[in-house]
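Student: Structure provided below as structure tokens; questions to follow.
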Amino acid sequence: MTFLNPLKARLSALTISLLLQGTAALSAGLSAAQRALTWLDGQHPQLAQALGAIRQGLMRHPKAIGLSLASVLLAGGGGAFAIANLGPDISDQPVVSVTTPVTVAGLADQAQAIDQHVLNLIRTDLTRSSDTPESLLRRMGVVDTQAAAFLRKNPLAKQALLRSGRTVSAEVNNQQQLRQLSVRWLSNENDTAFQRLVVKRTDKGLEASQESSELSTSVRMTGGTVASSLYAAADEARLPDAIISQLTDIFSSQIDFHRTLRKGARFSVVYEVLEADGEPIRTGRVLSAEFNNENKLYQAIWFQENGQKGSYYALDGKSLRRAYLAAPVAFSRKTSGMGMRLHPIFQTLQKHNGVDYAAPTGTPAMSVGDGVVEFAGVQGGFGNVVIVRHGGNHTTVYAHLSRIHVRPGQTIQKGQTVGAVGSTGWSTGPHLHFEFRVNGVHVDPQSVIQQAQSTPVSPASMARFNASVKYAKSQLQAAAQMRDTSEQ
Ligand SMILES: [Zn+2]
């Protein structure tokens with residue numbers, strides 16, 4: 001399991017319950033403390049000096065002080081309430097009300113205990129493709145022609161600033177001169193380490209160095225209610241697309257998101273964010289999630305059996321991996337808005353035997369299970385059609401394809417693309433006509449898919465699994481609480 005350690009988790013929970021923020025970034029320690037500082041700063045200008053000193057301490061001793069300060073701030077600031085909209089970043093959130101003043105004494109003492117230093121401002125931004133060294137520095141409030149010239153000439157700096165979308169932090173002194181500039185990026189999307197270029201002012205002038213550093217993981221939780229579409233709800237909750245696609249994937253054998261997701265469906269999700277120096281740089285894995293759709297609760301937790309690849313399980317230990325996918329078309333931003341469409345041609349003539357998925361021409365049509373291609377070609381009203389034979393007298397049909405990607409006799413796997421959605425045959429618009437046949441007779445795919453068995457958590461791992469479940473439940477509960485609070 002890759003959960004946070006309990007101390008971090010407890011601090012995260014405190015951060016949230018005290019600040020009552022919609023969807024808080026669940027990274028305790030440094031970033032929590034920094035955010036708390038930012039928030040306190042805004043609320044209590046008289047604290048500015050003390051906070052400045054604390055912030056300086058945080059920069060110099062990030063790890064140890066981050067954690068201890070987080071607890072001091074959270075304990076010392078007890079009773080401070082702010083209510084904000086749902087969203088992943090505390091610092092972005094509008095603070096609506098403060099009901100009790102913050103206790104200042106503890107903070108001031110703490111500030112005295114930490115080094116007193118001149119406050120250097122740190123600003124963070126992203127590189128843009130239109131950036132020149134001058135425009136980048138200007139945007140970050142740096143007025144320093146020497147630094148601009150250095151960034152223009154130094155090969156390491158030039159290389160680091162070449163790409164857009166990289167995080168840049170600049171530390172500036174009172175004269176708006178650059179003290180230090182850091183650029184952070186990932187060389188590869190799946191790296192566990194990031195690259196950091198640092199330009200530093202030394203006695204000898206500006207110097208550049210580049211190093212590789214491990215990403216740190218923080219945990220975030222969020223939730224939403226589907227008012228119009230899952231994507232609209234996810235946008236509202238500021239949930240990255242990568243997490244929605246993991247979510248729909250995790251529940252893909254239980255919920256056909258195209259057909260059965262209803263207005264009012266609620267979801268909560270706990271996921272990892274990988275950070276470089278406290279700045280989110282990419283999303284990680286969904287750790288636990290739940291969907292409440294039509295009063296049915298679906299829950300999932302990531303769990304790794306000893307010596308095996310991890311996978312998702314229901315909270316009772318049943319694997320969520322099924323022999324079949326719930327739908328032959330991936331649920332995406334593109335396909336989600338299109339809604340279901342009926343066969344206008346067949347509708348009046350005969351009973352419609354199948355399920356139609358409206359999707360743009362070219363959308364991949366996936367085999368819902370492992371099998372062997374029985375037919376791939378043109379067949380009357382079906383147009384271009386692929387028929388796949390699975391075990392147990394099950395066959396599936398994918399019709400009206402614009403292109404076919406498989407040939408008869410070919411062995412294929414669950415999720416493999418058999419062709420592209422189209423409008424060939426008797427069809428009035430691009431859609432996938434899908435049938436699930438048992439002994440040649442069309443049945444409701446959901447009824448078959450739900451029956452399929454899968455391997456549960458092994459008895460040997462059950463104690464460890466249950467401990468993870470207990471933890472996941474409390475996190476999901478917190479996520480649901482935040483969702484409900486923010487939606488009131
Ligand atoms: Zn149809």
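The values are calculated or read from the model by the stated rules, or taken from the named source; none is laboratory data. If you're wondering where the values come from, they're calculated on a predicted model, not measured in any experiment. Here Cβ is always computed from backbone atoms with ideal geometry, including for glycine, and neighbour counts include all displayed protein chains. Accessible surface is based on the protein model in full, side chains and every heavy atom, while ligands, DNA and RNA are left aside. Shrake-Rupley method; radii C 1.70, N 1.55, O 1.52, S 1.80 Å.
Student: Short version: ³J(HN,Hα) in whole Hz for each residue of segment 395-405, in order, from phi by Karplus 6.51 cos²θ - 1.76 cosθ + 1.60 (θ = phi - 60°), x for Gly and Pro, what are they?
Tutor: Coupling constants for segment 395-405: 10, 10, 10, 10, 10, 6, 5, 7, 9, 10, 10 Hz.
Student: Under 5 Å between amide H atoms, partner at least 5 residues away or on a different chain: which partners does residue 365 have, H built in plane at 1.01 Å?
Tutor: Under 5 Å from the amide H of residue 365: 418, 419, 420, 421.
Student: Let me ask something additional. What is the packing order of peptides 305-311, 385-391, taking the mean over residues of other C-beta atoms within 10 Å and listing the highest first? Present the calculation step by step, with values, prior to reporting the outcome.
Tutor: Details: 305-311: 10.6, 385-391: 20.4.
Ranked from most to least packed, the peptides come out as 385-391, 305-311.
Student: At a probe radius of 1.4 Å, what is the per-residue accessible area of residue 258, in Å² to the nearest 10?
Tutor: Counting only protein heavy atoms, the figure is 40 Å².
Student: Counting only protein heavy atoms and a 1.4 Å probe, tell me what percentage of segment 189-282's accessible area is made up of carbon and sulfur.
Tutor: Its accessible area is 41 percent carbon and sulfur atoms.
Student: Using modelled backbone amide H atoms (1.01 Å from N, in-plane), which distant-in-sequence or interchain residues come within less than 5 Å of residue 375's amide H?
Tutor: Residues meeting the criterion, in which the H sits 1.01 Å from N, are 387.
Student: Ok, one more. For segment 418-430, take each phi angle, set θ = phi - 60°, evaluate the Karplus expression 6.51 cos²θ - 1.76 cosθ + 1.60, and give the result in whole Hz per residue in order, putting x for glycine and proline.
Tutor: 9, x, 10, 4, x, 9, 7, x, 7, 8, 9, x, x
Student: Once amide H atoms are placed 1.01 Å from N in the peptide plane, what residues at a sequence separation of 5 or more from residue 121, or on another chain, have their amide H within under 5 Å of its amide H?
Tutor: Those qualifying (amide H under 5 Å, at least 5 residues apart or on another chain) are 172.
Student: Which entries in 296/414; 309/414; 263/296; 263/414 show an alpha-carbon gap greater than 22 Å? Show your work: numbers first, answer last.
Tutor: On the way: 296/414 26 Å; 309/414 18 Å; 263/296 13 Å; 263/414 29 Å.
Pairs exceeding 22 Å: 296/414; 263/414.
Student: Here's something else I'd like to know. How many Å² of accessible area per residue for segment 154-303, probe 1.4 Å?
Tutor: 43
Student: Can you list the HN-Hα couplings for segment 255-261, worked out from phi with the Karplus curve (6.51, -1.76, 1.60; θ = phi - 60°), rounded to whole Hz and with x for Gly and Pro?
Tutor: Using θ = phi - 60°, the values come out as 10, 8, 4, 5, 9, 10, 6 Hz.
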